[in-house]
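S.K.: Dropping a structure here in structure tokens format, bear with me for questions.
The values are calculated or read from the model by the stated rules, or taken from the named source; none is laboratory data. What you see is a predicted model; the values in this text were computed from it and never measured. Every residue, glycine among them, receives a Cβ derived from its backbone with ideal geometry; neighbour counts consider all protein chains shown.
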Amino acid sequence: MFPVDLLVKAARAWPASIAIQDGQRTLTFTQLLAQANALAAAIQQITGLRRPRVAVLSPNSLEMAIGIMAIHAGGFWLIPLNPRDAAAEVERQVELAKPDLFILDPALAEGFKAGGVPVVHSRQHGDATSIESLVRLHEGHTPVFACTDPSEPNAIKFTGGSSGKPKAVVQSFRTVNAVATTVATAFDLKSDEVYLLTAPMTHGAGAFMLPVLSRGGRCVIIDRPRPQSIADALAHHKATMTWMPPTLLYMLMDVPGIEAQDFSALRHLIWSGAAATPEKFRQARKLFGNVVESAYGQAEASSVATVLRAHDIVDDEVLASVGKPTLLAHVEIMAPDGRILPVGEAGEIVIRGDIRMIEYLEMPEVTAKTIIDGWVHTGDIGQFDARGYLFIKGRLRDVVITGGFNVYPLDVEDVLCRNAAVQEAVVFGLPDDKWGERVEAAITLRPGADADPEELIEFVRQALGPVKTPKAIHILGDLPRSVVGKVQRREVREQFLAKA
């Protein structure tokens, strides 16, 4: 079985139901499959290849959805690129991935170096070749599906590395199938799902599209999503489901008047991609109801190695977890010597199963250090409790060792975020002649709030004791973030390390 089979089955079961909606434009399942097939056939004709590598660089749109489904329909290689990445970073990614064709938004075309590779515009733009024109020209055509083995490569996805050689994760068709099946079953998706895309479908948000479609649900695309427009769209479309990184969730919670919006249709408000503190989780549940859920994984081991469902949150302690391992993921805690650790002991989170990557593209040494005896070594520190919930304590490199004691940044960040004035917090270690490392923190404040660093330090000391209490707290206007909104802890540390 291949990912496109999920769309084919859905088109047979719900042929006239709306699969994709973009403003007033809609596509039924039958129309989506037909246009994906036509575009896939066109791409094979343009490239002369049965399995070309297709790079996608565009904001969310109905055409983008057709493009991605066409890649599945033909069994091509999918290379999703982030339009928020700097041009130099995109160029490095393209150089490594070596695409045979680009699907490119016209607004991003100026200055883009295709290097002689064919370009298909996602939207109509003058006389240039576009998805719309190719679909019209190849109406009724179907591609030659050349794949026979689901373990073959299906996608190249980039992770980490803002300089030097990018890290490109190679995923198989089997991994895409496993993720789609896991999402659909773990979240018990229904045929009446209305999934609002609030983040790029080429990245985290896209992982939920195929599962929703496989169950007969509808994917709704909004133009240039912002916190206010997301809040309005959730209510207007009676969305049952959305996914977003924690940073976007925090901004959504601060939208003026959001508490008066009607989110009664919402069943799944899912966050992942970075850690969210239990206090923020608690605030989100108070605002949106018992619908806030989370997932944990990496590009190397997919996005749903564990899932925390709303009905699993039986007490406040569970809010700090990322749930339990999903059906097709084997998750353990490993010691540095390779031993699997028992419940309650902290160590590195390791994952294996169908959701695991094949390799890092053209990086055999890095692959060998990451995949050992079939286990993906995540670099995250975690521990299981007696009930089977996984708790993430931080990154291996982010643990602060002060006076011989391990301080996990997430523990301190959670306490800081309990203070009514604090919007976000990032905790890090700096060299110290006495302690080896000292704990420090940088925070941002909620709109209109004020805070005294010394009072915040005492606030943490009362909750955690002196060892975990920051020696200094820095109040910033904003925190450095990646292109997907994730706070860059190491950049914060480097900033204050330079000052020190």
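S.K.: For the range 136-166, what are the residues that are under 16 Å from the mean Cα position of the chain (by Cα) and either touching a residue at least 24 places away in the same chain (Cβ under 8 Å) or not assigned by TED's automatic domain parsing to the domain that holds ILE71 (or both)?
M.R.: Of everything in the range 136-166, those that are under 16 Å from the mean Cα position of the chain (by Cα) and either touching a residue at least 24 places away in the same chain (Cβ under 8 Å) or not assigned by TED's automatic domain parsing to the domain that holds ILE71 (or both) turn out to be ALA155, ILE156, LYS157, PHE158, THR159.
S.K.: Considering (1) more than 28 Å from ARG224 (Cβ to Cβ); (2) surrounded by fewer than 15 Cβ atoms within 10 Å (Cβ to Cβ), say which one GLU152 fails and leave the rest.
M.R.: (2) is the only condition that GLU152 fails.
S.K.: A further question follows. Limited to the range 101-116, what total is found for residues that are more than 28 Å from the chain's Cα centre (by Cα) and hydrophobic (A, V, I, L, M, F, W, C)?
M.R.: 0
S.K.: Search the range 407-426 for residues being part of a loop (DSSP other than H, G, I, E, B) and modelled with pLDDT of 90 or more, and hand back the single one that is farthest from PRO453 (Cα to Cα).
M.R.: That would be ALA420.
S.K.: Of the residues in the range 304-327, how many are farther than 16 Å from THR182 by Cα and of a type in the set (Ser, Thr, Tyr)?
M.R.: Within the range 304-327, residues that are farther than 16 Å from THR182 by Cα and of a type in the set (Ser, Thr, Tyr) number 1.
S.K.: Filter the range 91-111 down to the residues that are farther than 23 Å from ALA40 by Cβ and either part of a loop (DSSP other than H, G, I, E, B) or hydroxyl-bearing (Ser, Thr, Tyr) (or both), then identify the one that is modelled with the lowest pLDDT.
M.R.: My answer is GLY111.
S.K.: Now, a different point. Within the range 320-364, track down each residue that is more than 18 Å from ASP380 (Cβ to Cβ) and of a type in the set (A, V, I, L, M, F, W, C).
M.R.: Matches in the range 320-364: LEU327, LEU328, ILE358, LEU361, MET363.
S.K.: Does at least one position in the range 359-368 carry a residue that is modelled with pLDDT of 95 or more, in contact with a Pro (Cβ under 9 Å, 6 or more places away or on another chain), β-branched (Val, Ile, Thr) and not in a loop (DSSP other than H, G, I, E, B)?
M.R.: No, the range 359-368 contains no residue that is modelled with pLDDT of 95 or more, in contact with a Pro (Cβ under 9 Å, 6 or more places away or on another chain), β-branched (Val, Ile, Thr) and not in a loop (DSSP other than H, G, I, E, B).
S.K.: Does GLU63 count as assigned to a helix (DSSP H, G or I), among the acidic types (Asp, Glu), at pLDDT 95 or above and farther than 24 Å from ARG174 by Cα?
M.R.: Spelling it out, GLU63 is indeed assigned to a helix (DSSP H, G or I), among the acidic types (Asp, Glu), at pLDDT 95 or above and farther than 24 Å from ARG174 by Cα.
S.K.: Residue check: is ALA40 of a type in the set (A, V, I, L, M, F, W, C), within 13 Å of GLY75 (Cα to Cα) and assigned to a helix (DSSP H, G or I)?
M.R.: It is true that ALA40 is of a type in the set (A, V, I, L, M, F, W, C), within 13 Å of GLY75 (Cα to Cα) and assigned to a helix (DSSP H, G or I).
S.K.: Here's another thing I want to ask about it. Give the residues of the range 215-225 that are in a loop (DSSP other than H, G, I, E, B) and either at pLDDT 95 or above or over 19 Å from MET64 (Cα atoms) (or both), sorted by residue number.
M.R.: ARG215, GLY216, GLY217, listed by residue number.
S.K.: Name the residue that is surrounded by the fewest Cβ atoms within 10 Å (Cβ to Cβ), counting only residues in the range 168-196 that are out of contact with any helix residue (DSSP H, G or I) (no Cβ under 7 Å at 6 or more places or on another chain) and assigned to a helix (DSSP H, G or I).
M.R.: My answer is THR185.
S.K.: Determine whether ALA276 is modelled with pLDDT under 95, crowded, with 24+ Cβ neighbours inside 10 Å and over 14 Å from MET244 (Cβ atoms).
M.R.: no
S.K.: Is there a residue being charged (D, E, K, R) and either on the phi > 0 side of the Ramachandran plot or out of contact with any Asp or Glu (no Cβ under 8 Å at 6 or more places or on another chain) (or both) anywhere in the range 121-135?
M.R.: yes
S.K.: For the range 1-17, enumerate the residues that are touching a residue at least 12 places away in the same chain (Cβ under 8 Å) and over 25 Å from the mean Cα position of the chain (by Cα).
M.R.: If the condition is that a residue be touching a residue at least 12 places away in the same chain (Cβ under 8 Å) and over 25 Å from the mean Cα position of the chain (by Cα), then VAL8, LYS9, ALA11, ALA13, TRP14, PRO15, ALA16, SER17 are the ones that fit.
S.K.: Still on this structure: Can you spot a residue in the range 465-481 that is charged (D, E, K, R) and either crowded, with 17+ Cβ neighbours inside 10 Å or farther than 28 Å from TRP243 by Cβ (or both)?
M.R.: Yes, the range 465-481 contains at least one residue that is charged (D, E, K, R) and either crowded, with 17+ Cβ neighbours inside 10 Å or farther than 28 Å from TRP243 by Cβ (or both).
S.K.: Quick one: which residue in VAL350, VAL400, VAL322, VAL318 is closer than 27 Å to PRO470 by Cα, surrounded by 17 or more Cβ atoms within 10 Å (Cβ to Cβ) and without any contact (Cβ under 8 Å) to a residue 40 or more places away in the chain?
M.R.: VAL400
S.K.: Name, by its number, the condition in (1) surrounded by 15 or more Cβ atoms within 10 Å (Cβ to Cβ); (2) part of a loop (DSSP other than H, G, I, E, B) that does not hold for ALA449.
M.R.: (1)
S.K.: Right, here's the next one. Being in a helix (DSSP H, G or I), under 16 Å from THR198 (Cα atoms), modelled with pLDDT under 95 and of a type outside the set (D, E, K, R), is that true of even one residue in the range 260-271?
M.R.: Checked the range 260-271: no residue is in a helix (DSSP H, G or I), under 16 Å from THR198 (Cα atoms), modelled with pLDDT under 95 and of a type outside the set (D, E, K, R).
S.K.: Out of the residues in the range 411-425 that are surrounded by fewer than 20 Cβ atoms within 10 Å (Cβ to Cβ) and hydrophobic (A, V, I, L, M, F, W, C), which is farthest from GLU317 (Cα to Cα)?
M.R.: Filtering first and then ranking leaves ALA421.
S.K.: I would also like to ask the following. Which of the residues spanning the range 469-499 are more than 13 Å from ALA442 (Cβ to Cβ) and at pLDDT below 90?
M.R.: Hits for the range 469-499 are SER482, VAL483, VAL484, GLY485, LYS486, ALA498.
S.K.: Would you check if VAL119 is surrounded by fewer than 23 Cβ atoms within 10 Å (Cβ to Cβ), more than 22 Å from the chain's Cα centre (by Cα), of a type in the set (Val, Ile, Thr) and in the same structural domain as ALA10 (by TED's automatic domain parsing)?
M.R.: yes
S.K.: Any idea which residue in the range 91-116 is surrounded by the most Cβ atoms within 10 Å (Cβ to Cβ), counting only those that are within 16 Å of PRO52 (Cβ to Cβ) and free of Cβ contacts under 8 Å to residues at least 40 places away in the same chain?
M.R.: Per the criteria, the residue is VAL94.
S.K.: Go over the candidates GLY429, GLY394 one by one and state the one that is at positive phi, part of a strand (DSSP E or B), crowded, with 17+ Cβ neighbours inside 10 Å and of a type in the set (Gly, Ala, Ser).
M.R.: Answer to the check: GLY394.
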